[in-house]
Structures are given as structure tokens and as C-alpha cells.
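The values are calculated or read from the model by the stated rules, or taken from the named source; none is laboratory data. In this text, all values refer to a predicted model and were calculated from it rather than measured experimentally. Cβ placement follows ideal geometry from the backbone for every residue including glycine, while neighbour counts extend to all protein chains displayed. The protein model used for the area step is the full one, side chains on, heavy atoms only, and it has no ligands, DNA or RNA in it. Shrake-Rupley method; radii C 1.70, N 1.55, O 1.52, S 1.80 Å.
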Amino acid sequence: MGHTHGVSRVLVLGLLTALAASGLTQAARSPGPALVAPSLRVVRMQPITLVGSGFKPREQVRVTVVREDQTAVRPVAANREGAFVVGFVQLTLRRCAALSVKASGARGSHAVLKLAAPACSSH
């Protein structure tokens, strides 16, 4: 009777080990948390300052800002979290002007931000 009990214990332990290994294999195959898409946002208008996030870690990014007849391009490197801050002191922004920003990463990340011109009165 002692031998049967020992065999049952080995079978149960083997079954638990197999289930645990199966769960680990399944977890390794399932995708992790959804990646955040690259994005841009304006944090300051004078001088224009942008924050980028969701880029690949340490990715080299080319940021282009277009405002009416002005274009400025700045290279920047994302940090290890895929974020960066970049400023454009050479651009003069008028209160009623539209703004377009494009950020293109060397490893495929891409984000676009368009700010429409606010409705401005001629008075």
C-alpha cells in the first residue's frame, strides 16, 4: 500500500510540473502589454517645445515643424523609455497660425501632430 501512495504522489507531482511548464510556455507566446503608439504633444508655444513618447528606446528621431512659410528640423534621441523633449527657438509663432509637426525615427517610429489655426478675429 505504501508503494501505491508513493507512485500517486510522483504522478501528481509530474502532472503539476507539466501544467506549470505548459503555462509558462503559453505565457511566453502570448504578447505582452500593448505598445504605446508614438505620439507628439506641444507643452509650450513660445518657444515651441514638444514632447514625444512611444518611440523605440534610444531611437534617433528627426522632428520637422512647419508653420506657414517657416520650416525647422531638429534631430533628437529618444531616451531609454522612448521619450524626448525638443524645442524650436528659431521659429516665431503667430497667434493665428496653423502648425504641423512630423517625427520620424530611424527605426521606424512615426508620429504626426497638426494644430489647426484658431479662429482669430481681424479686429
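Some points to look at:
- Residue within the stretch 23-41 that is assigned to a helix (DSSP H, G or I) and modelled with pLDDT of 50 or more present: no
- Leading residue by the ranking (modelled with the lowest pLDDT) among those in the stretch 94-115 that are buried (at least 18 other Cβ atoms within 10 Å of the Cβ) and not polar (S, T, N, Q): LEU99
- The set of residues in the stretch 66-76 being open to solvent by 50 Å² or more (accessible area, probe 1.4 Å) and of a type outside the set (Val, Ile, Thr) consists of GLU68, ASP69, ARG74, PRO75.
- Cross-chain or 6+ apart pairs with Cβ under 9 Å, the stretch 40-58 first and over 16 Å from ARG74 (Cβ atoms) and among the hydroxyl-bearing types (Ser, Thr, Tyr), then in a strand (DSSP E or B) and open to solvent by less than 40 Å² (accessible area, probe 1.4 Å): SER53/LEU40; SER53/PHE84; SER53/ALA111
- Residue list for the stretch 67-92, restricted to those being more than 15 Å from ILE48 (Cα to Cα) and modelled with pLDDT under 95: ASP69
- Top-ranked residue in the stretch 77-91 [being open to solvent by 80 Å² or more (accessible area, probe 1.4 Å) and touching a strand residue (DSSP E or B) at 6+ places or on another chain (Cβ under 7 Å); ranked as farthest from ARG44 (Cα to Cα)]: GLN90
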